[in-house]
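Working notes, structure below.
Nothing in this text is a laboratory measurement; each read-out follows from the coordinates by a stated rule. Small disclaimer: the values here were computed from a predicted structure and weren't measured. Positions of Cβ are backbone-derived with ideal geometry, glycine not excepted, and every protein chain shown enters the neighbour counts.
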Amino acid sequence: MRIGLLLALMACSGPTKEAPAPAPEPVPAPAPAVAPPPAPTILPAPAEPRYAATQILVAWKGAVGTPARITRTEPEARHLAASLRERARAGERLEDLARQYSDGAEAPRGGHLGVYLTGTMVPEFEAAVASVKPGAIAPLVRTPFGWHVVRRDPVIEATAAQVIVTWKGAVRSTATRSKEEARARIEQARAALAAGTSFAEVARKYSDGPAASRGGALGRIAPGQMIPAFEDALFALKPGQVSDVVETPYGFHLIERKK
C-alpha cells in the first residue's frame, strides 16, 4: 500500500524543472575616443618694428576683460569667429562686421587698431598679424581676451600738428566763446600763417588744448586714430602743407602735415 502511494505521488510530480539561468547584465559600449585639440600653430616672431591691424574680437564668458553681458562659451566664440573670418575672406568688409559683431572697444570705429609698436600686443596676436602680408586676413588667433579675426593693414602714418579753436558746446570743450567767435579766431590764425608766422608760433598763440604749448605737435597719426574729417584732411596733404579750415565736433582745425 505504501509502495503504491509512493509511486502515485512520483507520477504526479513529473520531471524536476531546472531554474532558468539569470539574464546576462548588459555590457556598456566603450566610450568613443576623444580627439585631442589640434596643437596651436607656431608662427615666427614679428620682424618689423611697427604693424597696423583691424580686428573683430569675439569674447567668451570668463575671458580677460569680458563684460558681464557676454554669456557665450569659448566653443561658441570660436565658431562665431571662424564664420566671421570666412565671411571677411569671401569679400565682406571687415569694418562692417566689426561694428556689428566685435566685442572690442574699437568696434565703433570699424575695428581699426591703427599702428602699434611690436611688443605692445600679446605675442600670439602679433605673430598672427606678422604672418601675412598687408591686406590679408591672418589665421584665427586665440588670446586670453578672446578669439580674433584680424587683418594686417599697411603702416600709413603722418606726423602732424594742429591749431584747434573750440566753442562752448563743442565736444570736450571748456571754452566760453561762441561758434562765430571761434570761426573768427581760426581765421586770424590762418591769416598769421599766410603772413609768414611759423605754424608752431601760431599754435602757441591761437590754439586751445594741451598741444598748444608744444606748438600744436600731435606726433605720429595712423588711420583709425582720429575723427574721419580730420584724417581725410591730413592724409590729403603732402609733407609741409597746411590744410584749409576743417570743422569737426571738437572745433575748427588748421592741420599741418610734417612728414
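For this structure, a couple of remarks:
- Computed on the stretch 50-153, with alpha-carbon pairs under 8 angstrom and 6+ residues apart, the relative contact order is 40 percent.
- Links that overshoot a 26 Å alpha carbon limit, given the list Lys168/Lys205; Lys179/Lys238; Lys179/Lys259; Lys179/Lys258: Lys179/Lys238; Lys179/Lys259; Lys179/Lys258
- With the highest mean first, a sort of the peptides 248-254, 115-121, 127-133, 50-56 on other beta-carbon atoms found within 10 angstrom per residue produces 50-56, 248-254, 127-133, 115-121.
- Protection proxy ranking, highest mean first, for peptides 220-229, 86-95: 220-229, 86-95, where packing is the per-residue count of other beta-carbon atoms within 10 Å, averaged.
- Stokes-Einstein D (µm²/s) once Rh is taken as the Kirkwood radius of the stretch 116-204 over alpha-carbon pairs, at 25 °C in 0.890 mPa s: 142
- Taking label points 7 Å from Cα along the Cα-to-Cβ direction, Thr73 and Arg89 give a separation of 2.5 nm.
- Debye-sum result for the stretch 50-153 in log10 I(q)/I(0), which assumes one identical scatterer on each alpha carbon, at q = 0.11, 0.15 Å⁻¹: -0.28, -0.53
- For the stretch 100-121, backbone nitrogen atoms closer than 19 Å to the point 7 Å from Gln225 Cα along Cα-to-C-beta are found at 105-121.
- Average 1/r across all pairs of distinct alpha carbons in the stretch 96-137, invert it, and you get the Kirkwood radius: 11.5 Å.
- The charge dipole of the stretch 50-153, taken about the Cα centre with unit charges on the Cβ atoms of Lys, Arg (+1) and Asp, Glu (-1), comes to about 100 debye, rounded to the nearest 20.
- Cα gyration tensor shape of the stretch 158-257, rounded if a/c is under 1.5, else prolate or oblate by comparing a/b with b/c: oblate
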